[in-house]
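The values are calculated or read from the model by the stated rules, or taken from the named source; none is laboratory data. All values reported here derive from a predicted model rather than from experimental measurement. Note that we place each Cβ from the backbone using ideal geometry, even for glycine, and neighbour counts take in every protein chain shown. To get the accessible areas, we keep the full protein, side chains included, count just its heavy atoms, and leave off ligands, DNA and RNA. Shrake-Rupley method; radii C 1.70, N 1.55, O 1.52, S 1.80 Å.
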Amino acid sequence: MSWYKVHLELARTSQYPQGSSNHGYELIVPLDAAGHLDEHIWRADKKQALVRRFWPDQEDQRGNLIHTRHRTWAFSYEPGEDDDTPIFHLENHVFRQGEYISVKEQEGETLPYRVVSVTDSL
């Protein structure tokens, strides 16, 4: 099985010095044995690559992991680019507990997220 559920939580920031388990993302993504995004499997079944953004006092956002025409990875919640949330160099990140990923939020601020868990998606 190469599809995994990845749980990300907000890491330390000036506003949240201890991080926050109430802010984050859950992803369903294909990973290779080293924990990198497996683009070949993603291309074969793109619609299975899901994202859910959870944030206090906001409705969850649900969408897909996409590869944009600008050759970057992004979370997309609606058709078109207006709501895309870029994750630069996602192909180089390792999805392993304790690792960090930076996400450029829709408001323009780049925030760090910590990988809390990686489990089989079934």
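Miscellaneous remarks
- Distance from the Cα centroid of the stretch 1-40 to that of the stretch 43-67 is 12 Å (rounded to whole angstrom).
- Solvent accessible area, Å² - ASP120, 1.4 Å probe, full protein context: 90
- In the chain, the calculated helix contribution to ellipticity at 222 nm averages -1000 deg cm²/dmol per residue, counting -39,500 (n - 2.57) for every DSSP H run with n ≥ 4.
- When exposed loop sites are taken as trypsin sites (Lys or Arg not before Pro) in a DSSP loop with at most 11 other Cβ atoms within 10 Å, the longest stretch of the chain clear of them is 1-68.
- Longest site-free stretch - the chain; sites: GluC sites (Glu not before Pro), DSSP loop, at most 11 other Cβ within 10 Å: 1-58
- The apolar share of the surface of the chain, taken as the fraction of accessible area on carbon and sulfur atoms (1.4 Å probe, ligands and nucleic acids excluded), comes to 46 percent.
- Calculated from the alpha-carbon coordinates, the stretch 6-110 shows an Rg and a Dmax of 13.5, 40 Å respectively.
- Taking all protein chains into account, the per residue accessible area for the chain stands at 60 Å² (1.4 Å probe).
- Cα-based convex hull volume of the stretch 16-59 per residue, rounded to whole Å³: 93
- Loop-located chymotrypsin sites (Phe, Trp or Tyr not before Pro) across the stretch 29-96 with a Cβ neighbour count of 15 or fewer within 10 Å are PHE88, with loop assigned by DSSP.
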